[in-house]
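*Asks:* Dropping a structure here in structure tokens format, bear with me for questions.
The values are calculated or read from the model by the stated rules, or taken from the named source; none is laboratory data. This one's a predicted model, so the numbers in the text were calculated from it and none came from an experiment. Cβ placement follows ideal geometry from the backbone for every residue including glycine, while neighbour counts extend to all protein chains displayed. Quick note on the areas: whole protein, heavy atoms, side chains included, nothing else; ligands and nucleic acids left out. Shrake-Rupley method; radii C 1.70, N 1.55, O 1.52, S 1.80 Å.
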Amino acid sequence: MKKIAILFSGSGTNLENLLEKLHLKEFNGMKIEVVSTICNNPNAKGVEKSRKFGIEPVIINNKEYSSREEFDAKLVDVVKNSGAELTILAGFMRFLTPVFVNNIKAINLHPSLLPLFKGAHAIEESYNSNMKVGGITVHYVNQELDGGAIIAQRCFQKQSNMSLESFEEKIHKLEYELLPEVVIELLSK
Ligand code: GAR
């Protein structure tokens, strides 16, 4: 059994997608189990989504920690105790310190073609840019925000009359395809 942990902060649609496609599913004889879901925001919509799969999320409220390092130490503790060999940041909106990145093998999903449009406003910024394509990236997590080695990317043509909503929809559609594929590929290695 390959064990993974998923970190999220908000609506959790990628969390839900990963749970649907990967949790207790078998791929070429390799079974995947989501052993822990972890959220920094007690009011996140994703909390209910995780519960639907019988997984009670661990809430680690960053507001209850006086430093990023203390918060990260708690994250490390929970991930290590879960036995996960790979951690997936699926809409986890916290900056991580060396306490986390030096101890946990993690990948992040980002809604732009990195290294362009790092940070929390990637979708709006790439929508408003003069680029003819939009896209997404899955990369290893390191100390630099959205800066770790790129594992996979996918992109699409930006239509000239595309609304922000349909641009965003397209981004999420690609995310739901690519992230599970990357996870399966990394666990198969
Ligand atoms: C996703 O679009 C993900 O790429 C993005 O947050 C969204 C989470 O949606 N992540 C980042 O911007 C990381 N910098 P979800 O909670 O519905 O899965």
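*Asks:* Hey, among the residues in segment 168-189 that are within 12 Å of the ligand (Cβ to nearest atom) and not acidic (Asp, Glu), which one's most open to solvent (accessible area, probe 1.4 Å)?
*Replies:* Filtering first and then ranking leaves Lys173.
*Asks:* Take segment 27-40 and flag every residue that is assigned to a strand (DSSP E or B) and crowded, with 18+ Cβ neighbours inside 10 Å.
*Replies:* The answer is Ile32, Val34, Val35, Ser36, Thr37, Ile38, Cys39.
*Asks:* Of everything in segment 1-13 that's surrounded by fewer than 24 Cβ atoms within 10 Å (Cβ to Cβ) and not β-branched (Val, Ile, Thr), which residue is farthest from the ligand (Cβ to nearest atom)?
*Replies:* My answer is Met1.
*Asks:* Could you say whether any residue in segment 168-178 is in contact with a helix residue (DSSP H, G or I) (Cβ under 9 Å, 6 or more places away or on another chain) and either among the polar types (S, T, N, Q) or modelled with pLDDT under 95 (or both)?
*Replies:* no
*Asks:* Moving to a separate point now. Suppose the filter is of a type outside the set (A, V, I, L, M, F, W, C), open to solvent by less than 70 Å² (accessible area, probe 1.4 Å) and away from the ligand (no atom under 11 Å from the Cβ); does Gly91 pass it?
*Replies:* It is false that Gly91 is of a type outside the set (A, V, I, L, M, F, W, C), open to solvent by less than 70 Å² (accessible area, probe 1.4 Å) and away from the ligand (no atom under 11 Å from the Cβ).
*Asks:* Just the residues that are surrounded by fewer than 17 Cβ atoms within 10 Å (Cβ to Cβ) and away from the ligand (no atom under 16 Å from the Cβ), please, taken from segment 98-115.
*Replies:* Within segment 98-115, Pro98, Asn102, Asn103, Lys105 qualify.
*Asks:* Also: Which of the residues spanning segment 118-151 are of a type in the set (Phe, Trp, Tyr) and surrounded by fewer than 18 Cβ atoms within 10 Å (Cβ to Cβ)?
*Replies:* Of everything in segment 118-151, just one residue is of a type in the set (Phe, Trp, Tyr) and surrounded by fewer than 18 Cβ atoms within 10 Å (Cβ to Cβ), namely Tyr140.
*Asks:* Give me the pairs: first residue in segment 106-134 and touching a residue at least 60 places away in the same chain (Cβ under 8 Å), second residue more than 12 Å from the ligand (Cβ to nearest atom) and open to solvent by 10 Å² or more (accessible area, probe 1.4 Å), beta-carbon distance under 6 Å, and six or more apart or on different chains, which are they?
*Replies:* Ile107/Tyr140
*Asks:* Residues in segment 61-78 that are of a type in the set (Asp, Glu), open to solvent by 40 Å² or more (accessible area, probe 1.4 Å) and closer than 22 Å to Val47 by Cβ: how many?
*Replies:* 2
*Asks:* Could you tell me which residue of segment 41-60 is least open to solvent (accessible area, probe 1.4 Å), considering only residues that are more than 16 Å from the ligand (Cβ to nearest atom) and within 19 Å of the chain's Cα centre (by Cα)?
*Replies:* Ranking the candidates gives Ile60 first.
*Asks:* If you don't mind, another one. Taking segment 152-167, which residues are open to solvent by 70 Å² or more (accessible area, probe 1.4 Å) and either at pLDDT 95 or above or within 13 Å of His110 (Cα to Cα) (or both)?
*Replies:* Once the filter is applied, which keeps residues that are open to solvent by 70 Å² or more (accessible area, probe 1.4 Å) and either at pLDDT 95 or above or within 13 Å of His110 (Cα to Cα) (or both), segment 152-167 yields Gln153, Arg154, Cys155, Gln157, Glu165.
*Asks:* Kindly provide the set of residues from segment 14-26 that are open to solvent by 10 Å² or more (accessible area, probe 1.4 Å) and either within 9 Å of the ligand (Cβ to nearest atom) or of a type in the set (S, T, N, Q) (or both), ordered by number. Can you show your working first?
*Replies:* Residues of segment 14-26 that are open to solvent by 10 Å² or more (accessible area, probe 1.4 Å), as a first pass: 14, 16-17, 20-21, 23-26.
Result: Asn14, Glu16, Asn17.
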